[in-house]
Amino acid sequence: MDRKAIGIDLGMVYSSVAVFQHGKIEVIPNKQSNRKTPSYFAFTNNERLIGDAAKNQAALNPTNTIFDAQRLLGHKFDDPTVQVDMRTIEEGVFEVKSTAGDIYLSGEDFDKRMVAHFVQEFIKLNDSLFYSTLETVERALRDARMDKTSIHEILFIGGSTRIPQIQKLLQDFFNGKELMKVISSDEAAVYGAAVQAAIQAGDKSEEIKDLLLLDVTPISLYKKEEKIQCDRIEAKNLLESYCFNMMEKINDTKSDDKININVKKTIDAIENILYATKEEFECKLRELETICSLAMMKIYHTEDRTEKISKALSDDITGE
């Protein structure tokens, strides 16, 4: 059976699906024969709606209608809605030299400002957003250690790139270089996803057999993941330290089985936990502290009473 892999472009406003087959990329139309589908999802009491059907009922069912999902995912994984990549292409090898992005800048931002003000004020109103795009381009060039004169082609991806002011700003920035318009800006991302999916699936077609993509990890994603891991390890170490301190106290006191059991269970659990989060370790620490504190108070209270009784008996015997 001939296996096929598809590429998906989960866009902020529209999504597309494509496949590499018969030596070329084909965008797969939806049930309505459209090559792109609104990025809307909705739930009713009776059914689940996707695309145009979900978008059309959004005003009547706002609570159960989901859109802008990419922005929500972006806040979690640091995936930018505006992204600039610097790539080199040589003898079939596609290498990403750098990538820069802004998760707080997208076509939705432009739309919201347009709705809030008159259309004729569009260029003046969005001037800061337009120039934010240039800042992202400049950062990508710096990270790739490339000069704008070394750029051979400029490929636009996404609906916002159709805005004339953005096109003019970037064309002027690159000294009047013509923008590549061979591929539809709405379908460029899904074209690339389809080719990459075919390569990953082992497609040996002549057109892509020698292609290779060398990507980079955005530094913002790396730093965020690094901090998450450091916080997680610190929380894990605190829990382990507390457990071993309690083990020492258990050996020095006549502790009850409740402390023994809970501490040993926690130690065993820590050794087998691979994917626990910082919050889960902290929650377990608070839970164990409560159990141990109550039990140790009971132990010390009992020992204190025993010591007082022994002293009283001793005083009675000696007549003191």
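Computed from the coordinates by the stated procedures, all read-outs in this text should not be read as laboratory data. Treat the numbers as computed from the prediction; the structure is a model and nothing was measured. Note: ideal-geometry Cβ built from the backbone for every residue, glycine included; neighbour counts use all protein chains shown.
Details
- Cβ crowding within 10 Å ranks Val195, Val115 as Val115, Val195, fewest other Cβ atoms first.
- Ser33-Asn237 pseudo-label distance in nm [points 7 Å out on the Cα-to-Cβ vector]: 6.4
- When peptides 43-49, 33-39, 21-27 are ranked by their average number of other Cβ atoms within 10 Å per residue, the highest-first order is 33-39, 21-27, 43-49.
- The residues Arg3, Arg162, when put in order of fewest to most other Cβ atoms within 10 Å, stand as Arg3, Arg162.
- Assuming charge only on the beta carbon of Lys and Arg (+1) and of Asp and Glu (-1), the dipole of the range 143-188 about its Cα centre is about 120 debye to the nearest 20.
- Theoretical gain in end-to-end length, Arg162 to Lys204 [0.36 nm per residue, Cα-Cα removed]: 11.6 nm
- Theoretical FRET efficiency, 1/(1+(r/R0)^6), r = Cβ-Cβ of His152 and Phe43, R0 45 Å, to 0.05: 0.45
- Label positions at Phe244 and Ile6, each projected 7 Å from the Cα along the C-beta direction, are separated by 5.2 nm.
- Förster-model FRET efficiency, 35 Å R0, Glu178 and Cys230, C-beta, rounded to 0.05: 0.15
- DSSP beta bridges in the range 79-185 [antiparallel fraction, %, rounded to 5]: 90
- Counting 0.36 nm for each residue step from His117 to Lys24 and taking away their Cα separation leaves a gain of 29.1 nm.
- Full-extension gain in nm, Cys283 to Asp68, via 0.36 nm per residue minus C-alpha separation: 74.2 nm
- Exposure proxy for Thr149, Thr161: other Cβ atoms within 10 Å of each Cβ, ordered fewest to most, give Thr149, Thr161.
- Projecting the Cα atoms of Gln83, Gly176, Ile151 onto the charge dipole of the range 79-185, computed from C-beta unit charges around the Cα centre, puts Gly176 farthest toward the positive end.
- Per-pair calculated FRET efficiency, R0 = 22 Å: Leu213 and Gln171 via Cβ, rounded to 0.05: 0.25
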